[in-house]
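See structure below.
Coordinate-derived values only; no laboratory data. As the structure is a prediction and not an experimental result, all values here were calculated from the model. Cβ coordinates were reconstructed from backbone atoms using ideal geometry, including for glycine residues, and neighbour counts include every protein chain displayed.
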Amino acid sequence: MTAPNSYRAQPDERGHFGQFGGRYVAETLMPLILDLEAHYRAAKQDPAFQLEFDDLMKHFVGRPSPLYYAERLTAHYRALAAPGKGAKIYFKREELNHTGAHKINNCIGQILLAIRMGKTRIIA
């Protein structure tokens, strides 16, 4: 019996996802991909890179995103629930991040890696 497929442990050291996965990139791009991979692996092990990333996430992006306790919404739904039951409702204010959460979270890491590689342009 094979273990369930999980993206937490992948890709493997060759860049494969599961038994049939792989890198589907034009051969002309492979030297660039391998260079990027080498720089990424080095950055991943560098505490200074992580510190700079964390600092930007906190002071530029605004992470962790603030939580807002939705007092009236909580009261409304607790009134509908059984006595002593009902959830406290909070909003995680991701919309307060520049351009929304997913894009800026990804771009900060890409830009730091590009700077580390000496690149002057990036497409994100």
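Please sort 73-85, 35-47, 103-115 by packing, taking for each peptide the average over its residues of neighbouring beta carbons within 10 angstrom, highest first.
Taking the mean over residues of other Cβ atoms within 10 Å, the ranking is 103-115, 35-47, 73-85.
For region 26-116, compute the number of Lys pairs whose alpha carbons are separated by less than 27 Å, excluding pairs fewer than 8 positions apart on the same chain.
Number of lysine pairs found: 6.
List, in order, the whole-Hz ³J(HN,Hα) value for each residue of region 44-60 obtained from phi through the Karplus relation with A = 6.51, B = -1.76, C = 1.60 and θ = phi - 60°; use x for Gly and Pro.
Ordered by residue, 3J(HN,Hα) equals 4, 8, 9, x, 5, 4, 5, 4, 5, 4, 4, 4, 5, 4, 6, 8, 9 Hz.
How big is the chain by Rg and Dmax over its Cα atoms, in Å?
21.2, 66
Taking +1 at the Cβ of each Lys and Arg and -1 at the Cβ of each Asp and Glu, which of A42, T99, Q110 sits farthest along the dipole of region 26-116 towards its positive end, judged by Cα position relative to the Cα centre?
Toward the positive end, the furthest listed residue is T99.
Kindly put R63, R14 in sequence by how many other C-beta atoms sit within 10 Å of each C-beta, fewest to most.
R14, R63
Determine ³J(HN,Hα), in whole Hz, for all residues of region 103-116 in sequence, where each value follows from phi through the Karplus function 6.51 cos²θ - 1.76 cosθ + 1.60 and θ = phi - 60°; x replaces Gly and Pro.
Listing the rounded values in order: 5, 5, 4, 6, 5, 4, x, 4, 5, 4, 5, 4, 4, 4 Hz.
For Y90, which sequence-distant residues (separation of 5 or more, or a different chain) have an amide H within less than 5 Å of its own amide H, given hydrogens modelled in the peptide plane?
Amide H to amide H, under 5 Å and 5 or more residues apart or across chains, Y90 pairs with A70.
Using only DSSP helix segments of four residues or longer, with each worth -39500 (n - 2.57), what per-residue ellipticity at 222 nm results for the chain after dividing by its residue count and rounding to 500?
Value at 222 nm, helices only, nearest 500: -13000 deg cm²/dmol.
List every residue whose amide H lies under 5 Å from the amide H of G62, counting only residues 5 or more places away in sequence or on a different chain, with H placed 1.01 Å from N in the peptide plane.
When sequence neighbours closer than 5 places are left aside, there are no close amide H contacts.
Applying 1/(1 + (r/R0)^6) with R0 = 30 Å to the Cβ-Cβ distance of Q110 and R14, what FRET efficiency is obtained, to the nearest 0.05?
That pair, Q110 with R14, gives E of 0.85.
Treating only the Cβ of Lys, Arg, Asp and Glu as charged (+1, +1, -1, -1), what charge dipole size does region 26-116 show about its Cα centre? Round to the nearest 20 debye.
Here region 26-116 has a charge dipole of around 720 debye.
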